[in-house]
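Below is one structure, written out as structure tokens; the observations come after it.
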Amino acid sequence: MVQLDDKGFGTRAVHGAGPPDPVTGAVVLPISLATTFEQEAVGKPLAYEYSRSGNPTRTALETHLAVLEGASHGFAFASGLAAEDALLRLVANGDHVLLPDDAYGGTIRLALQVHALAGLAVDTIDLTDLDAVVGAWQPGTRMVWVETPSNPWLRIVDIEAVGALAHARGAVVVVDNTFATPALQRPLALGADIVIHSTTKYLGGHSDVVGGFVATSDDELAERIGFLQNAAGAVPGPLDCYLVHRGAKTLQLRMVRHCESAAAAAELLDAHPAVAQVLYPGLPSHPGHAVAARQMSDFGGMVSMQLTGGEAAALEVCRRTEIFTLAESLGAVESLIEHPARMTHASVTGTGNEVPADLVRLSMGIEDVADVLADLAQALDGLA
Ligand SMILES: Cc1ncc(COP(=O)(O)O)c(C=O)c1O
């Protein structure tokens, strides 16, 4: 087993996946399909007993991703939302949770249309504004949910500052690290208590698996999350675990290209007359640029833009791109384009959290940067 403590992220991404199989020497993790495991005697299981409670392929994934987040505990879930659902169950009915007003639409839907109906008090606020956080605080506030960079606004929340504020008032801080990934940002080292991911995105990286992941170094929280993972049972199957585990080995390399492509696209869009505003934390004009430069090692692979031609122009750009596929999701090798108001964030359209119809979101893939830029340019140049 390679000693990983003093190694760089790329080495941990490869060797944190675990050593070769001790029985066969296979360098790639076997996919363990068994749902149940023989016991030595009644009530005396060996390492595993039943695959909802634990499975060797899932353990390998959980250990691998925990290493990448610098966490002592990791828990894999069937989707990002299944992971979020487990975390929202950490707080009791009557408790209060602060959520960003620009969180992923599904997160807001889960909090407001599922957990709030069951008695959880939820407020959505601008988490980039610390005064707003203090103003929204209630005696029963037990959890602050951060998503940075956010989907699709690419807003940046200062994890250290929100963490200090929340901890001084006795609340737990959760960070959705889906957009940044541990290759660029490690929230636990910045003071967060829990990190959550949709592994469907960059960690899986190839648009072929839906999954979620939670990491923490707090033993008490870990015990409760592990209990909820087994008790509610929203676990991923072994093949899905394998796919995320394989994807995560190349995370660092992929992120380098995603970031390079996003920075170049942001520059092109910023200079284009069809674009009213570019939302990318790597641009010095972005309001969160300084915080992003401090807490991230690069600015990520997501870029959003608002079109001068409004909704019609936004829809037209989505129609005109050729290399960018018009599709939901993000963080994979292929470049994707989408219209959040009608697609990923349709569940919050018509509410106070809606995304404007002139906004288009780009997930930069790992194709040649020149080709991707040329595609964007032809799509924008052709706008009426
Ligand atoms: C930032 C963020 N968090 C969570 C989720 C939910 O993850 P999943 O689709 O895997 O359930 C998404 C999905 O797009 C997301 O973008």
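Observations on the model:
- Net length gained if the chain between Asp218 and Val256 were fully extended (0.36 nm per residue, minus Cα distance): 10.6 nm
- Build a GNM of the chain with springs between Cα atoms under 10 Å apart, and of Lys249, Lys44, Lys201 the one that fluctuates most is Lys44.
- For Ala312 and Ala164, the difference between the fully extended length at 0.36 nm per residue and the C-alpha to C-alpha distance is 48.9 nm.
- Degrees separating the helix 251-270 axis from the principal Cα axis of the chain, which is the longest one: 20 degrees
- The residues of the stretch 184-253 expose, per residue, 38 Å² of accessible area to a 1.4 Å probe.
- Three-way shape label, the stretch 12-90, alpha-carbon gyration tensor, a/c 1.5: oblate
- Cut-off under 5 Å, modelled amide H: who pairs with Val355 long-range: none
- Distant alpha-carbon pairs in the stretch 93-239 (separation over 21 angstrom), percent: 44 percent
- Residue with peak Gaussian network fluctuation, the chain [Cα springs, cutoff 10 Å], from Ala262, Ala232, Ala171: Ala232
- In the chain, the longest principal axis of the Cα atoms and the axis of helix 369-381 are about 40 degrees apart.
- Working from Cα pairs under 8 Å separated by at least six residues, relative contact order for the chain is 17 percent.
- Rounded Å value of the spacing that divides the Cα centres of the stretch 349-384 and the stretch 300-328: 3 Å
- Tilt relative to the chain, helix 56-69 - C-alpha long axis, 0 to 90 degrees, to 10: 50 degrees
- Candidate aspartates and glutamates for bridging to Lys44, where Cα separation is under 12 Å - those fewer than 8 sequence places away on the same chain excluded: none
- Sequence ranges 340-347, 34-41, 316-323, ranked by mean other-Cβ count within 10 angstrom, highest first: 340-347, 316-323, 34-41
- For peptides 10-17, 24-31, sequence by mean Cβ density within 10 Å, most packed first: 10-17, 24-31
- Our compactness index for the stretch 320-384, the C-alpha radius of gyration over the empirical 2.2 N^0.38 Å, is 1.21.
- Two-decimal Rg/Rh across the chain, once Rg and the Kirkwood Rh are taken from alpha-carbon atoms: 0.98
- Length available on full extension from Arg52 to Val28: 0.36 nm per residue minus the Cα-Cα distance, which gives 6.4 nm.
- Reducing the stretch 1-70 and the stretch 77-100 to their Cα centroids gives an inter-centroid distance of 27 Å.
- Only Lys, Arg (+1) and Asp, Glu (-1) charged, at Cβ; the chain dipole about Cα centre in debye: 580 debye
- Here the chain exposes an accessible surface that is 54 percent carbon and sulfur, computed with a 1.4 Å probe and the other protein chains kept in place.
- Put simply, when 286-292, 348-354, 99-105 are sorted by average Cβ atoms within 10 angstrom per residue, most first, you get 99-105, 286-292, 348-354.
- Exposure of Phe75 as accessible area (Å², to 10), given a probe of 1.4 Å and all protein chains: 20 Å²
The values are calculated or read from the model by the stated rules, or taken from the named source; none is laboratory data. Computed from a predicted structure; not experimentally measured. Virtual Cβ from ideal backbone geometry, glycine too; neighbours counted across all protein chains shown. SASA here: full protein model, heavy atoms, side chains in, ligands and nucleic acids out. Shrake-Rupley method; radii C 1.70, N 1.55, O 1.52, S 1.80 Å.
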